[in-house]
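Here the structure is laid out as C-alpha coordinates; the discussion comes afterwards.
The values are calculated or read from the model by the stated rules, or taken from the named source; none is laboratory data. Note that the structure is a prediction, hence the values are computed from the model and not measured. Positions of Cβ are generated from backbone atoms using ideal geometry, with glycine treated the same way; all protein chains shown enter the neighbour counts.
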Amino acid sequence: GTRRPGEGVYDTDVDVRQLGWVDDDHVAALVTPQGDTTYDSTPQLVVMTSGDVRDDEASWRIAARWDVGPGSIAGVAVDLLGLGEGVPGVTGVRDLPAPRWPWSDEQKAVVAVLALLAAVAGGFAVRQWRRRRRPI
(Lines give C-alpha, C1' and ligand atoms only; values in the text may rest on other atoms or scores of the structure.)
Protein backbone atom coordinates (compact mmCIF):
# COMPACT_ATOMS: atom_id res chain seq x y z
CA GLY A 1 0.00 0.00 0.00
CA THR A 2 0.89 3.64 -0.06
CA ARG A 3 0.89 6.24 2.71
CA ARG A 4 -0.54 9.71 2.93
CA PRO A 5 2.19 12.40 3.11
CA GLY A 6 3.42 12.77 6.67
CA GLU A 7 1.66 9.64 7.96
CA GLY A 8 3.66 8.29 10.90
CA VAL A 9 5.78 11.45 11.03
CA TYR A 10 3.33 14.00 12.43
CA ASP A 11 0.61 13.63 15.07
CA THR A 12 -1.88 15.57 12.92
CA ASP A 13 -2.80 16.22 9.31
CA VAL A 14 -0.42 18.20 7.19
CA ASP A 15 -0.78 20.62 4.30
CA VAL A 16 1.54 19.52 1.48
CA ARG A 17 2.42 21.83 -1.41
CA GLN A 18 4.53 20.16 -4.07
CA LEU A 19 7.41 22.38 -5.20
CA GLY A 20 8.90 20.12 -7.86
CA TRP A 21 10.53 16.82 -8.71
CA VAL A 22 14.08 16.14 -7.52
CA ASP A 23 14.33 12.99 -9.66
CA ASP A 24 11.97 10.30 -11.01
CA ASP A 25 11.00 9.04 -7.54
CA HIS A 26 11.48 12.01 -5.18
CA VAL A 27 9.51 15.19 -4.77
CA ALA A 28 10.34 18.37 -2.85
CA ALA A 29 7.38 19.77 -0.94
CA LEU A 30 6.51 22.47 1.56
CA VAL A 31 4.85 20.66 4.48
CA THR A 32 2.95 22.47 7.22
CA PRO A 33 1.41 20.60 10.19
CA GLN A 34 -2.26 21.57 10.65
CA GLY A 35 -4.43 21.96 13.75
CA ASP A 36 -3.43 21.14 17.33
CA THR A 37 -0.07 19.44 17.27
CA THR A 38 2.76 18.78 19.66
CA TYR A 39 5.07 18.88 16.67
CA ASP A 40 6.77 22.10 15.54
CA SER A 41 4.23 23.80 13.26
CA THR A 42 6.87 25.70 11.26
CA PRO A 43 6.58 24.87 7.55
CA GLN A 44 9.34 22.52 6.37
CA LEU A 45 11.03 21.77 3.10
CA VAL A 46 10.72 18.00 2.76
CA VAL A 47 12.21 15.61 0.22
CA MET A 48 10.06 12.49 0.02
CA THR A 49 9.37 9.60 -2.27
CA SER A 50 6.38 9.90 -4.55
CA GLY A 51 3.07 8.28 -3.63
CA ASP A 52 3.52 5.35 -6.02
CA VAL A 53 6.61 4.02 -4.19
CA ARG A 54 6.08 0.94 -1.98
CA ASP A 55 5.99 1.51 1.79
CA ASP A 56 9.21 -0.42 2.37
CA GLU A 57 11.01 1.89 -0.09
CA ALA A 58 9.37 5.13 1.09
CA SER A 59 11.49 7.88 2.55
CA TRP A 60 10.78 11.24 4.16
CA ARG A 61 13.49 13.73 5.03
CA ILE A 62 13.11 17.22 6.44
CA ALA A 63 15.68 19.27 4.56
CA ALA A 64 15.03 22.68 6.11
CA ARG A 65 12.69 24.65 8.33
CA TRP A 66 10.80 27.22 6.29
CA ASP A 67 10.54 30.09 8.76
CA VAL A 68 8.96 32.76 6.55
CA GLY A 69 6.31 35.20 7.67
CA PRO A 70 2.79 35.46 6.31
CA GLY A 71 2.72 36.84 2.79
CA SER A 72 6.45 36.24 2.33
CA ILE A 73 7.64 34.80 -0.92
CA ALA A 74 10.49 32.32 -1.03
CA GLY A 75 11.66 29.88 -3.66
CA VAL A 76 13.59 26.67 -3.96
CA ALA A 77 15.74 25.71 -6.95
CA VAL A 78 14.40 22.15 -6.94
CA ASP A 79 16.31 21.24 -10.10
CA LEU A 80 19.57 21.83 -8.21
CA LEU A 81 18.76 19.70 -5.15
CA GLY A 82 20.83 16.55 -4.79
CA LEU A 83 20.06 13.29 -3.01
CA GLY A 84 22.34 11.69 -0.46
CA GLU A 85 23.66 8.18 -0.85
CA GLY A 86 21.48 5.47 0.66
CA VAL A 87 18.79 7.41 2.47
CA PRO A 88 17.53 10.25 0.27
CA GLY A 89 18.11 13.71 1.62
CA VAL A 90 19.33 17.06 0.54
CA THR A 91 23.10 17.16 0.24
CA GLY A 92 23.43 20.51 -1.45
CA VAL A 93 23.44 20.60 -5.21
CA ARG A 94 23.45 18.05 -7.98
CA ASP A 95 26.69 17.08 -9.63
CA LEU A 96 26.88 19.60 -12.43
CA PRO A 97 29.43 19.69 -15.24
CA ALA A 98 32.42 21.90 -14.68
CA PRO A 99 31.99 25.41 -16.04
CA ARG A 100 33.72 26.27 -19.27
CA TRP A 101 35.76 28.90 -17.53
CA PRO A 102 38.41 30.16 -17.82
CA TRP A 103 38.21 30.57 -21.56
CA SER A 104 40.45 28.54 -23.81
CA ASP A 105 43.12 30.28 -25.89
CA GLU A 106 40.92 29.87 -28.98
CA GLN A 107 37.96 31.59 -27.28
CA LYS A 108 40.21 34.45 -26.13
CA ALA A 109 41.58 34.89 -29.67
CA VAL A 110 38.10 35.00 -31.23
CA VAL A 111 36.92 37.60 -28.70
CA ALA A 112 40.07 39.70 -29.24
CA VAL A 113 39.65 39.64 -33.04
CA LEU A 114 35.95 40.54 -32.78
CA ALA A 115 36.75 43.40 -30.37
CA LEU A 116 39.44 44.70 -32.75
CA LEU A 117 37.04 44.54 -35.71
CA ALA A 118 34.36 46.35 -33.68
CA ALA A 119 36.86 49.09 -32.75
CA VAL A 120 37.93 49.53 -36.39
CA ALA A 121 34.31 49.65 -37.56
CA GLY A 122 33.48 52.17 -34.82
CA GLY A 123 36.45 54.35 -35.79
CA PHE A 124 35.42 54.22 -39.45
CA ALA A 125 31.82 55.18 -38.58
CA VAL A 126 32.99 58.16 -36.47
CA ARG A 127 35.29 59.30 -39.31
CA GLN A 128 32.44 59.12 -41.84
CA TRP A 129 30.11 61.00 -39.50
CA ARG A 130 32.66 63.79 -38.98
CA ARG A 131 33.23 64.14 -42.74
CA ARG A 132 29.54 64.60 -43.36
CA ARG A 133 29.23 67.27 -40.64
CA ARG A 134 32.09 69.43 -41.94
CA PRO A 135 30.98 72.46 -43.85
CA ILE A 136 32.26 72.63 -47.40
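Worth a mention:
- Residue match in the stretch 89-106 (condition: part of a loop (DSSP other than H, G, I, E, B), of a type in the set (S, T, N, Q) and modelled with pLDDT of 85 or more): yes
- Flag if G20 is modelled with pLDDT under 80 and either within 18 Å of R65 (Cα to Cα) or not hydroxyl-bearing (S, T, Y) (or both): no
- Residue ID - surrounded by the most Cβ atoms within 10 Å (Cβ to Cβ), chosen from residues in the stretch 16-48 that are within 13 Å of S59 (Cβ to Cβ) and charged (D, E, K, R): D25
- Residues of the stretch 38-63 that are out of contact with any Asp or Glu (no Cβ under 7 Å at 6 or more places or on another chain) and aliphatic (A, V, I, L, M): L45, V46, V47, M48, A58, I62, A63.
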